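The values are calculated or read from the model by the stated rules, or taken from the named source; none is laboratory data. The structure displayed is predicted, hence computed values, not measured ones. Glycine gets a Cβ as well: all are built from the backbone with ideal geometry, and neighbour counts include every protein chain shown.
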Amino acid sequence: MGIGDRHQKKDVEAALKRAEAAGLKVTHDKNRHRWGWVICCPCNQSQAVYSTPRNTGDEASKIDLFIKNHRGHA
Ligand SMILES: [Zn+2]
């Protein structure tokens with residue numbers, strides 16, 4: 001991700017960094033409510049990431065679960 005693509009919630013931003021470190025693709029699509037996506041290229045599944053989640057810890061956990069399910073099968 002480039003400069004300006006950081007998520008405003010630090011818990012979520014940290015999870016997105018973990019996703020990138022795990023080899024997943026993170027895209028920022030600047031939709032009003034949706035911040036972007038975490039994408040697993042090998043199996044073409046994706047996880048939506050919201051801009052203003054009700055609970056940032058839950059949003060981060062959702063991303064971490066996606067990482068756990070998809071890391072390492074590239
Ligand atoms: Zn996958």
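The residues of the stretch 2-13 that are at pLDDT 95 or above and exposed (fewer than 15 other Cβ atoms within 10 Å of the Cβ) amount to a single one, 10.
To keep it simple, each residue is scored yes or no on (1) more than 16 Å from the ligand (Cβ to nearest atom); (2) under 15 Å from residue 73 (Cβ atoms); (3) of a type in the set (Asp, Glu); (4) in a helix (DSSP H, G or I).
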{"position": "11", "(1), (2), (3), (4)": "yes, no, yes, yes"}
{"position": "17", "(1), (2), (3), (4)": "yes, no, no, yes"}
{"position": "26", "(1), (2), (3), (4)": "no, no, no, no"}
{"position": "31", "(1), (2), (3), (4)": "yes, no, no, no"}
{"position": "38", "(1), (2), (3), (4)": "no, yes, no, no"}
{"position": "43", "(1), (2), (3), (4)": "no, yes, no, no"}
{"position": "48", "(1), (2), (3), (4)": "no, no, no, no"}
{"position": "58", "(1), (2), (3), (4)": "yes, no, yes, yes"}
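Criterion first (without any contact (Cβ under 8 Å) to a residue 60 or more places away in the chain, within 16 Å of the ligand (Cβ to nearest atom) and in contact with a Ser or Thr (Cβ under 9 Å, 6 or more places away or on another chain)) does residue 63 satisfy it?
Numbers: without any contact (Cβ under 8 Å) to a residue 60 or more places away in the chain: yes; within 16 Å of the ligand (Cβ to nearest atom): yes; in contact with a Ser or Thr (Cβ under 9 Å, 6 or more places away or on another chain): no.
No; evaluated as a whole, the condition is false for this residue.
Considering only residues in the stretch 52-74 that are under 12 Å from the mean Cα position of the chain (by Cα) and surrounded by fewer than 17 Cβ atoms within 10 Å (Cβ to Cβ), the one that is nearest to residue 20 (Cα to Cα) turns out to be 64. When residues in the stretch 19-51 are screened for being closer than 14 Å to residue 70 by Cα, surrounded by fewer than 18 Cβ atoms within 10 Å (Cβ to Cβ) and touching a residue at least 24 places away in the same chain (Cβ under 8 Å), 6 of them pass.
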